[in-house]
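Asks: Just passing along the structure, written as structure tokens.
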């Protein structure tokens with residue numbers, strides 16, 4: 001008998017919202033100076049009575065992160081936008097019914113691979129949209145689906161990740177690792193892996209980009225007069241920062257080590273308590289990371305004691321680069337990020353020696369929840385990492401971090417690179433878009449779905465890119 005709580009998608013539309021950065025952000029070999037955010041609205045109907053409601057989702061189409069390539073930025077961005085057009089029609093016409101998590105899982109497993117394959121066949125031979133880029137496009141639609149489920153039932157979406165809302169337990173989606181016979185997902189639901197108490201505030205991690213100035217003096221005449229800090233020392237002082245993520249190059253060991261030295265010498269006396277090193281997926285030999293870590297341990301013991309983890313030094317695709325990383329994770333916790341497309345790749349990463357997972361809503365809410373549950377069940381640590389999320393994307397990003405039992409808070413850097421992009425949303429949710437005493441606060445979020453409170457946000461949207469039906 002069908003569950004009267006099930007929903008079905010009835011329509012879709014999406015908007016392209018351009019945003020420019022106030023400062024450049026280095027992504028591996030690329031530099032980000034602008035981004036287009038995909039904002040999606042899905043209309044759903046409820047099985048019990050046909051009641052309809054709208055849900056919203058948003059994700060930055062961060063071209064440089066999702067698709068590192070020598071192809072032009074303009075070409076890659078247009079391909080991502082074209083794929084969003086494909087997804088709008090596909091979601092609007094998708095016949096599956098159920099909970100948002102169930103519809104999302106079916107879509108990602110069955111529909112998305114076929115859509116991506118057909119789409120790539122339509123492109124010139126030298127242009128191939130990566131799976132990660134497809135996931136990022138799909139994530140705005142998937143987030144809207146989860147929001148709509150809560151809205152149509154007039155409850156917060158995170159309260160619905162259990163019975164009676166869900167038709168299936170996690171055993172319908174997840175398979176334990178072969179070396180963990182004690183793990184079972186039967187009778188288990190996502191709520192069993194959330195924090196027992198949802199915090200009202202989160203420790204905020206600040207991103208130290210490869211191009212960032214560390215001091216006011218270093219910024220010199222390049223210091224911006226827009227009311228926001230231009231150097232790390234200013235950020236630490238203004239926002240009370242306690243945790244820093246340091247972007248490294250991954251192909252210049254001398255520069256990477258000196259960058260760690262420079263940041264530590266500045267930040268430790270100012271009270272920073274936690275650090276992580278992000279090698280930007282450009283390393284191919286674990287020895288590169290090991291030598292830097294060993295040197296830090298010997299020469300910078302205070303930094304070593306506060307170096308909480310290392311993030312994704314190695315290339316994105318584990319299938320193409322199945323590097324054994326046990327030697328790194330034996331030195332310092334090692335977290336998957338770009339490689340963690342879904343829980344299957346988290347499982348493969350664990351086999352290779354990775355010990356943690358950086359969750360991101362930009363790889364879909366559905367995928368993040370399933371990865372969270374699989375990782376938790378297998379004793380892997382969690383973080384929630386940013387994609388420089390502005391506007392509505394920041395809401396879902398922080399909600400995931402509030403529910404996921406992360407090792408320490410959440411990375412949040414939208415206020416560093418485009419603070420004015422979220423000015424309208426910040427009038428309703430001021431403490432989501434600013435960091436004070438080293439934290440962000442979520443007390444303004446309430447109501448059904450993701451608690452956006454859209455009726456109070458005076459946002460003027462452009463014409464939609466497409467509307468289905």
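Asks: Using a 10 Å cut-off around each Cβ, can you sort 285, 278, 233 from fewest to most neighbouring Cβ atoms?
Replies: 285, 233, 278
Asks: Here's something else I'd like to know. Determine one quarter of the surface area of the Cα convex hull of segment 190-446, which equals its mean projected area, and express it in nm² to one decimal. Provide the component values of the computation, followed by the final result.
Replies: On the way: hull surface 53.5 nm².
Mean projected area for segment 190-446: 13.4 nm², to one decimal.
Asks: Sticking with this one: Please compute, over every Cα-Cα pair in segment 306-444, the percentage with a separation greater than 19 angstrom.
Replies: Working: 4880 of 9591 pairs.
The answer is 51 percent, as a whole percent.
Asks: For segment 266-364, just the Cα atoms, rotate onto the principal axes and tell me the three extents in Å, largest first.
Replies: Largest first, segment 266-364 extends 41, 29, 19 Å along its Cα principal axes.
Asks: For Cα pairs less than 8 Å apart in space and 6+ apart in sequence, what is the mean separation divided by the residue count of the chain, i.e. the relative contact order in percent? List each step's numbers first, then the result.
Replies: Working: 939 pairs, mean separation 92.1, N = 469.
It comes to 20 percent, rounded to a whole number.
Asks: So, R0 is 51 Å and r is the distance between the beta-carbons of residue 93 and residue 302; what FRET efficiency does that work out to, to 0.05?
Replies: Working: r = 57 Å, r/R0 = 1.13.
FRET efficiency, residue 93 to residue 302: 0.35.
Asks: Work out how much length residue 268 to residue 155 would gain on full extension: take 0.36 nm times their residue separation and subtract the Cα-Cα distance, in nm to one decimal.
Replies: On the way: separation 113, 0.36 × 113 = 40.68 nm, distance 4.37 nm.
Extending this stretch completely gives an extra 36.3 nm.
Asks: Let me ask something else. What distance in nm lies between label points placed 7 Å from Cα along the C-beta direction at residue 351 and residue 8?
Replies: Going from the residue 351 label point to the residue 8 one covers 3.9 nm.
Asks: With everything on Cα atoms, drop me the angle between helix 391-403 and the longest principal axis of the chain, reported from 0 to 90° to the nearest 10.
Replies: Helix 391-403 sits roughly 80 degrees off the main axis of the chain.
Asks: Just to be sure I understand the model, the point goes 7 Å from the Cα along the line to the Cβ. What's the resulting residue 215 to residue 109 distance in nm?
Replies: Taking the simple label geometry, residue 215 and residue 109 are separated by 5.6 nm.
Asks: Can you give me the angle between helix 365-377 and the longest principal axis of the chain, using Cα atoms only, in degrees from 0 to 90, rounded to the nearest 10?
Replies: The angle comes out at about 60 degrees.
Asks: Assuming a viscosity of 0.692 mPa s and a temperature of 37 °C, what translational diffusion coefficient in µm² per second does Stokes-Einstein assign to segment 7-171, Rh being the Kirkwood radius over Cα pairs? Can you show the working numbers first?
Replies: Numbers: Rh = 16.7 Å.
Rounded to a whole number, D works out at 196 µm²/s.
Asks: When N counts the residues of segment 172-292, how does its alpha-carbon radius of gyration compare numerically with 2.2 N^0.38 Å, as a ratio? Show your work: numbers first, answer last.
Replies: Working: Rg = 20.0 Å, N = 121, 2.2 N^0.38 = 13.6 Å.
Computed over Cα atoms of segment 172-292, the ratio equals 1.47.
Asks: Another one. Taking Rh as the Kirkwood radius computed over C-alpha pairs, what is the Stokes-Einstein D of segment 297-348 at 25 °C in a medium of viscosity 0.890 mPa s, expressed in µm² per second?
Replies: Details: Rh = 12.3 Å.
Estimated via Stokes-Einstein, D reaches 200 µm²/s.
Asks: A further question follows. Starting from the Kirkwood radius over alpha-carbon pairs of segment 377-458, derive D by Stokes-Einstein at 37 °C in a medium of 0.692 mPa s and give it in µm² s⁻¹.
Replies: Details: Rh = 13.2 Å.
Rounded, D is 248 µm²/s.
Asks: Please compute the Kirkwood hydrodynamic radius over the chain, one decimal place, Å, based on all pairs of different Cα atoms. Provide the component values of the computation, followed by the final result.
Replies: Working: mean 1/r = 0.0444 Å⁻¹.
Computed over the chain, the radius equals 22.5 Å.
Asks: Moving on. Quick check: residue separation of residue 33 and residue 222 times 0.36 nm, minus the Cα distance between them. What number comes out in nm? The partial results should precede the final answer.
Replies: Values: separation 189, 0.36 × 189 = 68.04 nm, distance 1.59 nm.
Separation in residues times 0.36 nm, less the Cα-Cα distance, equals 66.5 nm.
Asks: Grab the Cα-Cα distance for residue 458 and residue 75, subtract it from 0.36 nm times how many residues apart they are, and report the gain in nm with one decimal. Intermediate values should be presented prior to the final figure.
Replies: Values: separation 383, 0.36 × 383 = 137.88 nm, distance 3.24 nm.
Between residue 458 and residue 75, full extension yields an extra 134.6 nm.
Asks: Hey, how much of the P(r) for segment 158-197 falls beyond 12 Å, as a percent of Cα pairs? Numbers along the way, then the final one.
Replies: Working: 466 of 780 pairs.
Tail fraction, whole percent: 60.
Asks: Return the equivalent ellipsoid semi-axes of segment 91-172 as a descending list in whole Å, where each equals the square root of 5 times an eigenvalue of the C-alpha gyration tensor. Could the numbers behind the result be given before it?
Replies: On the way: eigenvalues 170, 32, 22 Å².
After scaling each eigenvalue by five and taking roots: 29, 13, 10 Å.
Every number in this text was worked out from the coordinates using simple rules, so none of it is lab data. Every value quoted in this text rests on a predicted model; they were computed, and no experiment measured them. Backbone-built Cβ (ideal geometry, glycine too); neighbour counts: all protein chains shown.
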